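Remarks on the structure that follows.
The values are calculated or read from the model by the stated rules, or taken from the named source; none is laboratory data. Quantities reported herein were computed from a predicted structural model and do not represent experimental measurements. Positions of Cβ are backbone-derived with ideal geometry, glycine not excepted, and every protein chain shown enters the neighbour counts. For accessibility, only protein heavy atoms count, side chains too; no ligands or nucleic acids. Shrake-Rupley method; radii C 1.70, N 1.55, O 1.52, S 1.80 Å.
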Amino acid sequence: MKIYIIGAGPGDPDLITVKGLRILQEADVVLYTDSLVNEELIAKAKPEAEVLKSAGMDLDEMVAIMADRVKQGKMVARVHTGDPAVFGAIMEQIALLKKEGIGYEIIPGVSSVFASAAAIGAELTIPELTQTLILTRAEGRTPVPELEKLKDLAAHHCTIALFLSATLTKKVVEELKSAGWSEDTPVAVVQRATWPDQLIVRSTLANLEQDMRSNGIRSHAMILAGWALDPDIHNKDEYRSKLYDKEFTHRFRRGVKP
């Protein structure tokens with residue numbers, strides 16, 4: 001007995017994996033996060049499937065439904081937005097399902113962080129500039145562990161992707177500045193990445209709070225910060241990968257001596 005936990009991707013119904021779509025179409029029961037998952041995707045479930053919205057349910061209700069249906073011999077698909085591994089709140093569901101003797105299989109999805117990078121045409125790891133990406137969130141009502149304060153993470157001066165932080169931009173700016181980030185550090189904000197009403201805002205650390213306010217962005221937004229987000233990065237020859245350099249050798253290609 002098991003359920004399938006499917007990453008639906010960021011919004012565009014075409015950005016689900018082939019495997020995820022197949023399971024969705026085969027499932028007898030589909031329980032999905034209706035506040036975030038595209039209805040066009042859920043419409044691909046088979047006509048006779050039981051389709052349930054989870055936004056109004058608490059944890060116990062959701063797990064009780066999944067456990068009941070699985071025990072009836074039905075195939076259950078639990079559909080989450082983005083990729084379930086990142087801020088997916090799946091751990092507590094899995095814990096209760098295990099108590100019921102029910103297993104699970106996770107089908108990964110396209111995370112909003114990578115959909116946002118694609119939307120702005122960015123590579124988040126740039127040779128000679130930054131080779132690290134930190135996925136985190138600003139501290140709000142939900143605390144973060146003491147060793148994961150944004151100021152401390154930002155001390156690495158790498159690319160940072162901030163989930164669930166659109167209402168905390170003042171705190172974000174203060175923390176990054178405290179870590180030594182300059183006011184002209186590039187920032188890109190993508191609201192509702194890949195949805196028809198997707199909104200992209202290019203800003204800097206100095207202007208981020210005002211730009212968020214003037215565009216009315218308070219939810220469903222990914223904040224990407226760091227010099228990898230520099231809109232002019234493509235014109236800077238000093239940041240080039242060695243992978244395709246004609247002098248760089250590997251087992252599939254011999255280098256060419258100058």
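Of the three principal axes defined by the Cα atoms of region 1-137, the extents in descending order read 56, 31, 25 Å. Sparsely packed loop sites in region 61-143 (the trypsin sites (Lys or Arg not before Pro) outside DSSP H, G, I, E and B with at most 12 other Cβ atoms within 10 Å) comprise 141. Calculated mean residue ellipticity at 222 nm for the chain: -7000 deg cm²/dmol, from DSSP H runs with n ≥ 4 weighted as -39500 (n - 2.57), summed, divided by the residue count and rounded to 500. Over region 100-141, the reciprocal of the mean inverse Cα-Cα separation, the Kirkwood hydrodynamic radius, stands at 13.7 Å. Rounded to whole numbers, the Karplus 3J(HN,Hα) couplings from phi for region 132-147 are 9, 10, 9, 9, 7, 8, 6, 7, x, 5, 8, x, 10, x, 3, 7 Hz, using 6.51 cos²θ - 1.76 cosθ + 1.60 with θ = phi - 60°, and x at Gly and Pro. For region 157-205 versus region 48-92, the spacing of their alpha-carbon centroids is 31 Å.
When the charge dipole of region 14-154 is built from unit charges on Cβ atoms (+1 for Lys and Arg, -1 for Asp and Glu) and taken about the Cα centre, the candidate among 49, 126, 37 whose Cα reaches farthest toward its positive end is 49. Segment residue 43..residue 25, full-extension length gain: 5.6 nm, with 0.36 nm per residue of separation and the alpha-carbon distance subtracted. The angle between the Cα long axis of helix 169-178 and the longest principal axis of the Cα atoms of the chain comes to about 40 degrees, rounded to the nearest 10. Antiparallel beta bridges, as assigned by DSSP with both residues in the chain, represent about 45 percent of the total such bridges. Please work out, to two decimal places, the log10 of the ratio I(q)/I(0) at q = 0.17, 0.22, 0.25, 0.28 Å⁻¹ from a Debye calculation in which every Cα of region 1-52 carries one identical scatterer. Taken in order of the listed q values, log10 I(q)/I(0) reads -0.45, -0.77, -1.01, -1.28. What translational diffusion coefficient, to the nearest whole µm²/s, does region 193-242 have by Stokes-Einstein, given a Kirkwood radius computed over alpha-carbon pairs, a temperature of 25 °C and 0.890 mPa s viscosity? Result for D is 189 µm²/s.
Just to confirm, what accessible area per residue do you get for the chain at 1.4 Å probe, in whole Å²?
Numbers: 13930 Å² over 258 residues.
That works out to 54 Å² per residue.
With 23 Å as the limit on Cα-Cα distance, the pairs of 149/177; 171/236; 53/74 that go past it are 171/236. Exposure here means at most 14 other Cβ atoms within 10 Å; with chymotrypsin sites (Phe, Trp or Tyr not before Pro) in a DSSP loop as sites, the longest stretch of the chain lacking them is 1-243. Couplings 3J(HN,Hα) for region 156-163, derived from phi with the Karplus relation 6.51 cos²θ - 1.76 cosθ + 1.60 (θ = phi - 60°), are 6, 6, 9, 6, 10, 10, 10, 8 Hz, where x marks Gly and Pro.
Remark: relative contact order (the chain) = 19 percent; criterion is Cα-Cα distance under 8 angstrom and separation of 6 or more residues. Under a cut-off of 16 Å between alpha-carbon atoms, report the aspartates and glutamates in cross-link reach of residue 46, not counting same-chain residues fewer than 8 places apart. Filter leaves 26, 28. Here is the list for region 11-62: GluC sites (Glu not before Pro) lying in DSSP coil, each with at most 15 other C-beta atoms within 10 angstrom of its C-beta, are 48. For region 71-80, 3J(HN,Hα) computed residue by residue from phi via the Karplus equation (6.51, -1.76, 1.60; θ = phi - 60°) reads 5, 7, x, 8, 8, 10, 10, 9, 9, 10 Hz, glycine and proline entered as x. Over the chain, the Kirkwood radius and the radius of gyration, each from Cα atoms, give a ratio Rg/Rh of 1.04.
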